[in-house]
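The values are calculated or read from the model by the stated rules, or taken from the named source; none is laboratory data. Quick caveat: nothing in here was measured; it's all calculated off a predicted structure. Backbone-built Cβ (ideal geometry, glycine too); neighbour counts: all protein chains shown.
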Amino acid sequence: MSWPHRYICAALIAAAALCLGAAVSAPARGAPEAQWTLDAVLRQMDNQSRNFSSLTADIERTKVTVVVDDKSTESGKIFVRKDGKMRMEVTSPDPRTILLAGDSLFVYTPKINQVSEYNIAKHKDMADQFLLLGFGTSGTALEKSYDIALQGEDSLDGRKVLLLELTPKSADMSAQISKVQIWLDEATWLPAQQKFFETGSGDYFTVHYTNVARNVRISDDEFRPQWPKGVTKVKPEA
């Protein structure tokens, strides 16, 4: 995946992955405990898609480059809000801030005190596809942009999860991501993990979520592009 698609996709995917579960504000009472069907899962998403306002979580993102058998992991925290704002603070191994605000994606690297601003307006279609995975999106809306398959029940972190596999219908989206796997916690309907497969290379990355808190107050200041004094500002071509 070419630069800056690496950061654009990382930011959009991280937000989308969390927000799929964020659409649900409480456990799905009255849902079947076994023998889930795809239709039942999507209808639960329809029923539980109205009460999300915000979400924070710790994240661990692992990228696997298949051809050289290389694996790298980074960790941090993410803040997302229903109005489409997202901030990701990567704390290890290389600290940086990734901020999505309107048509701009900012990447601030404190080590060199530099912030890069990317205009992602021309990636709007791809952004919409990623964000369809969350922000209160219903199962009905998800079906319009993805072919969805229920892979069955699994266990992750000692909890029962449902594994969904999504294949993008959009040519722009499928040119970047061939498929997405989603593990949904059956107890809370929050995401436990997401796995994204890059088109062509066979490379993939997994995003794992812990310490998830939903509907917490997040100040507008968290989403303002405010940087330290003396920062170098650059605008690379997207």
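Tabulated data for the structure shown
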| item | result |
| --- | --- |
| Restricting segment 171-209 to residues that are among the β-branched types (Val, Ile, Thr) and within 12 Å of the chain's Cα centre (by Cα), the residue that is nearest to Lys144 (Cα to Cα) | Val180 |
| Flag if Lys179 is out of contact with any strand residue (DSSP E or B) (no Cβ under 6 Å at 6 or more places or on another chain) and among the basic types (Lys, Arg) | no |
| Sole residue being under 26 Å from Asn211 (Cβ atoms), under 16 Å from the mean Cα position of the chain (by Cα) and at pLDDT 90 or above, chosen from Leu99, Leu131 | Leu99 |
| Leading residue by the ranking (farthest from Asp185 (Cα to Cα)) among those in segment 198-232 that are at pLDDT 90 or above and in contact with an Asp or Glu (Cβ under 7 Å, 6 or more places away or on another chain) | Tyr204 |
| Failed item in (1) out of contact with any Gly (no Cβ under 9 Å at 6 or more places or on another chain); (2) among the aliphatic types (A, V, I, L, M); (3) at pLDDT below 50; (4) within 15 Å of Leu142 (Cβ to Cβ), with Ala40 passing the rest | (3) |
| Any hit, segment 61-71, residues being touching a residue at least 40 places away in the same chain (Cβ under 8 Å), charged (D, E, K, R) and surrounded by fewer than 20 Cβ atoms within 10 Å (Cβ to Cβ) | yes |
| Residue check for Leu55: farther than 19 Å from Tyr209 by Cα, modelled with pLDDT under 90 and surrounded by 15 or more Cβ atoms within 10 Å (Cβ to Cβ) | no |
| Residue tally, condition crowded, with 17+ Cβ neighbours inside 10 Å, among the aliphatic types (A, V, I, L, M) and touching a residue at least 24 places away in the same chain (Cβ under 8 Å), over segment 149-190 | 10 |
| Scan of segment 191-223 for residues that are under 25 Å from Gly102 (Cβ atoms), assigned to a loop (DSSP other than H, G, I, E, B) and either among the small types (Gly, Ala, Ser) or without any contact (Cβ under 8 Å) to a residue 24 or more places away in the chain (or both), ordered by number | Ser219 |
